[in-house]
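Novice: This is the structure I want to talk about, given as structure tokens.
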Amino acid sequence: MKSDALVLENAQVARARAGDLEALEAVYRAFRAPVYNLGRRMCGNEEDAEDVLQETFLEVCRSIRRFRGDGSLWSWVRQVAVSKALMLLRRERGRAGRSLDGGLIPPDSLGKSPPEPTAPIDLESALGRLSPVTRAVLWLHDVEGYTHEEIGEMMGGSTSFSKSQLSRAHKRLREWLD
Amino acid sequence: MDKTQHLSMDDLLALRDGEGSASSRSHVDACDECRCELERLYQIQARLRAMPTFSPPRDIWRRIARSVGRRRLRRRLSYGAIGLAAAAALTAVVVLRGSSTMGSEQSPDAWIAEATSPDMGPSIRRSRQLESILQANRPGQRVYDAPTALAVSVLEDRIVLLDQMLSEVRIGGADRAVMVGLWDERVATLEKLVGLQAVQEDRVWR
């Protein structure tokens, strides 16, 4: 993503690192859309995406002085956002008493999984039917470009965990998509 | 690779990501069905990357900025009055040095002059006393009931705002009476904060 280079001046980043609120707001404005979209795609709903956005930029404000500038600012912000989204997914899995191992569609309030679609569905609906973990792996690998090693590490699993989740995601999409 | 057996999803994904084995590659070259599946995987990836984006909500930054301001205030309170004086002096120096509209640079002496002046000095010294009291009570480590927590939050926000206004007033070189008024209000707000803590003393959960 080039938006940081286009929108943010080095001086602004330096001021943000020094804790200047105006410069931090500029960082927020430059990256709020991709962070929100990442949260929305990984978590699958507006409320969680909003939490990811807020938690990410609270963390950015707290920790930006530790950004060394050896990579792009977007890569660093995105890393924070991914870890916040994964933390949220972990919390929700924990609340539901399930481990972070993927699986299919989250059960409804009666503990039943929604029925399998009888006709092809579109990509948006198919993404919504994947389990949060499987969807997160699919998004991180196929869209954001993280490697299986990176995903495994971020999710506290192995490379093969990430590969198996991606494979599971594509098998499901293969069945569901028109 | 057995030519009668199609590639697994893992094999196809590895090929798509440029990590497939030579035998998988040669199988795909010879097998229409697997080539078609591989093409499908490329297409799904392209469709995922082209999915529409969502507009983020508008008012999040205000919440974040308030939270950052509160956190900074708490840190400052927990560092105590000396830390506050140093931070305020530094702010004054940075602000005054950074301000081309002032026409002249001012040293930390400017802050000392402000802190010892007859009109602002008493309020500044009282602010420091009250912050010492708050620091001694370690407000950051307390848990209040909900109404008190809200009141504390409002008062802390007010102090952050007053500090911002004091900084801006220095930049703009506003009337001295305005600064005196802001310092007085800062003291009154801190008094309320300390009073709230005293009233809550018996009801605090540590």
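Throughout, read-outs are computed from the coordinates displayed, never taken from laboratory work. Model, not experiment: these values are computed from the prediction. Ideal geometry is used to build each Cβ from the backbone, glycine not excepted, and the neighbour counts take in all protein chains shown.
Novice: Output the peptides A:120-131, A:46-57, A:9-20 sorted from most to least packed, where packing is the average of other Cβ atoms within 10 Å over each peptide's residues.
Specialist: Ranking, from highest mean packing down: A:46-57, A:120-131, A:9-20.
Novice: A further question on this structure: Where a Cα-Cα gap under 17 Å defines reach, which aspartates and glutamates qualify for A:K171, not counting those fewer than 8 residues away within the same chain?
Specialist: Filter leaves A:D101, A:E116, A:D122, A:E124, A:D142, B:D10, B:D11, B:D17, B:E33, B:E37, B:E39.
Novice: Going by amide H atoms built from the backbone, whose H comes under 5 Å of the H on A:I121, apart from near neighbours?
Specialist: A:L177, A:D178
Novice: How do the peptides A:167-175, B:149-157 rank, highest first, by the average count of neighbouring beta carbon atoms within 10 Å per residue?
Specialist: By packing density, highest mean first, the sequence is A:167-175, B:149-157.
Novice: What aspartates and glutamates sit close enough to A:K84 to cross-link, taking a C-alpha to C-alpha distance under 14 Å and skipping anything fewer than 8 places away on the same chain?
Specialist: Qualifying aspartates and glutamates at Cα under 14 Å: A:E47, A:D48, A:E50, A:D51, A:E55, A:E59, A:E92.
Novice: Taking every residue in B:39-51, how many Cβ atoms of other protein chains lie within 10 Å of its Cβ, on average?
Specialist: 4
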